[in-house]
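Written out below as structure tokens is the structure these notes cover.
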Amino acid sequence: MVTVLGRIALRPHFAELGWASTRIGEISLRRRLEPTTQTEVYEVKLDDEYLMSSLFTVAEEELARLALAVLPDGPCDVVVGGLGLGYTAHAVLADPRVRSLTVVEALEPVIDWHRGDLIPGGRALTADSRATMLHGDFFALVRDGAGFDPADPGRCFDAILVDIDHSPVNVLDASHADLYTPAGLERLAGRLRPGGVFGLWSDDAPEEEFLAVLRQCFGTVAAHVVSFANPLTGGRSANTVYVAVGSRSRCSLQQ
């Protein structure tokens with residue numbers, strides 16, 4: 001409930017906006033007042049684990065910017081694995097070259113929260129004519145060869161960006177781990193057009209072992225350390241954005 005005093009609307013300092021039981025645990029959407037910054041913060045939790053927060057969005061947005069920056073000029077089609085609070089998807093759509101965006105999200109309640117405008121900008125994102133919300137398991141779609149377009153299973157894309165797991169070695173579900181192997185990345189690379197880009201967000205520092213795996217599957221590989229202010233500690237924190245560009249592709253050159 002919102003209490004109105006004069007012209008000032010006071011919202012409660014904490015509210016659970018959404019909750020659902022899923023195959024990987026209980027997921028919840030919360031809005032709270034962060035006392036350090038005196039701002040409203042939106043958070044998604046899986047059981048007792050924090051998945052994402054609107055307090056820290058720099059690296060999620062940089063995932064889109066850094067990956068799309070390596071693409072040549074011209075219309076591009078993009079896949080984002082993981083909807084979350086929508087910051088990566090919004091950053092993709094901010095690029096005027098983007099012709100289409102497919103967001104793959106395994107947890108249907110997250111899509112519903114956006115469509116119901118429980119998350120700031122959610123309704124605008126889902127209503128964008130370029131954007132398609134695909135309820136599905138990103139990892140299974142790569143593994144099984146179903147692809148990211150039910151109407152065209154063989155469709156390929158210019159960029160595939162992933163922000164789902166904490167890192168390549170700290171996954172939310174054991175079934176995700178095979179993506180980060182040479183075989184899994186080769187399957188993903190097969191969904192990219194020639195010169196296409198794979199981008200990955202990680203909460204950990206750059207991992208040399210994973211970079212070596214990426215180099216087996218892509219022509220050009222980089223790990224960008226994205227630093228940002230952390231108001232909770234008074235210092236700075238950092239995430240990693242991996243960007244890998246394919247040197248070859250099994251995609252049809254006719255696409």
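Name the residue that is surrounded by the most Cβ atoms within 10 Å (Cβ to Cβ), counting only residues in the stretch 152-186 that are in contact (Cβ under 8 Å) with a residue 12 or more places away in the chain and farther than 30 Å from K45 by Cα.
D158
Rundown of residues vs (1) within 20 Å of E60 (Cα to Cα); (2) part of a strand (DSSP E or B), yes/no style:
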position	(1), (2)
A146	no, no
S175	no, no
R193	no, yes
F198	yes, yes
V225	yes, yes
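Which of the residues belonging to the stretch 162-173 are assigned to a strand (DSSP E or B) and of a type outside the set (G, A, S)?
Hits for the stretch 162-173 are V162, N170.
Identify all residues within the stretch 36-59 that are over 24 Å from A131 (Cβ atoms), open to solvent by 20 Å² or more (accessible area, probe 1.4 Å) and without any contact (Cβ under 8 Å) to a residue 40 or more places away in the chain; write none if there are none.
Within the stretch 36-59, Q38, T39, E40, K45, D47, D48, E49, Y50 qualify.
Quick check, is A151 more than 29 Å from V221 (Cβ to Cβ) and either among the hydroxyl-bearing types (S, T, Y) or over 16 Å from the mean Cα position of the chain (by Cα) (or both)?
yes
Please name all residue pairs, on different chains or six or more residues apart, with Cβ atoms under 9 Å, provided the first residue is in the stretch 199-228 and is under 14 Å from V243 (Cβ atoms) and open to solvent by less than 50 Å² (accessible area, probe 1.4 Å) and the second residue is assigned to a strand (DSSP E or B) and basic (K, R).
If the second residue must be assigned to a strand (DSSP E or B) and basic (K, R), no pairs are left.
Is there any pair linking a residue in the stretch 60-81 that is closer than 14 Å to L200 by Cα to one that is in a helix (DSSP H, G or I) and open to solvent by 50 Å² or more (accessible area, probe 1.4 Å), with Cβ under 6 Å and at least six apart or on different chains, and which?
Hits for this filter: E60/Y87; E61/Y87.
What are the pairs with Cβ atoms under 6 angstrom where one residue, in the stretch 88-113, is aromatic (F, W, Y) and the other, located anywhere, is at pLDDT 95 or above and assigned to a strand (DSSP E or B)? Sequence gap at least six, or different chains.
That search, which allows pairs on different chains as well, returns W113/L29.
Among the residues of the stretch 152-161, count how many are in a loop (DSSP other than H, G, I, E, B) and either of a type in the set (D, E, K, R) or at pLDDT 95 or above (or both).
Qualifying residue count, the stretch 152-161: 3.
With the requirement that a residue be touching a His at 6+ places or on another chain (Cβ under 8 Å) and under 22 Å from F198 (Cβ atoms), what does the stretch 105-157 give you?
If the condition is that a residue be touching a His at 6+ places or on another chain (Cβ under 8 Å) and under 22 Å from F198 (Cβ atoms), then E105, A106, M133, F139 are the ones that fit.
The values are calculated or read from the model by the stated rules, or taken from the named source; none is laboratory data. In this text, all values refer to a predicted model and were calculated from it rather than measured experimentally. Glycine also receives a Cβ, built like all others from the backbone with ideal geometry; neighbour counts cover every protein chain displayed. Side chains are part of the model used for accessible areas, which takes the heavy atoms of the whole protein and leaves out ligands, DNA and RNA. Shrake-Rupley method; radii C 1.70, N 1.55, O 1.52, S 1.80 Å.
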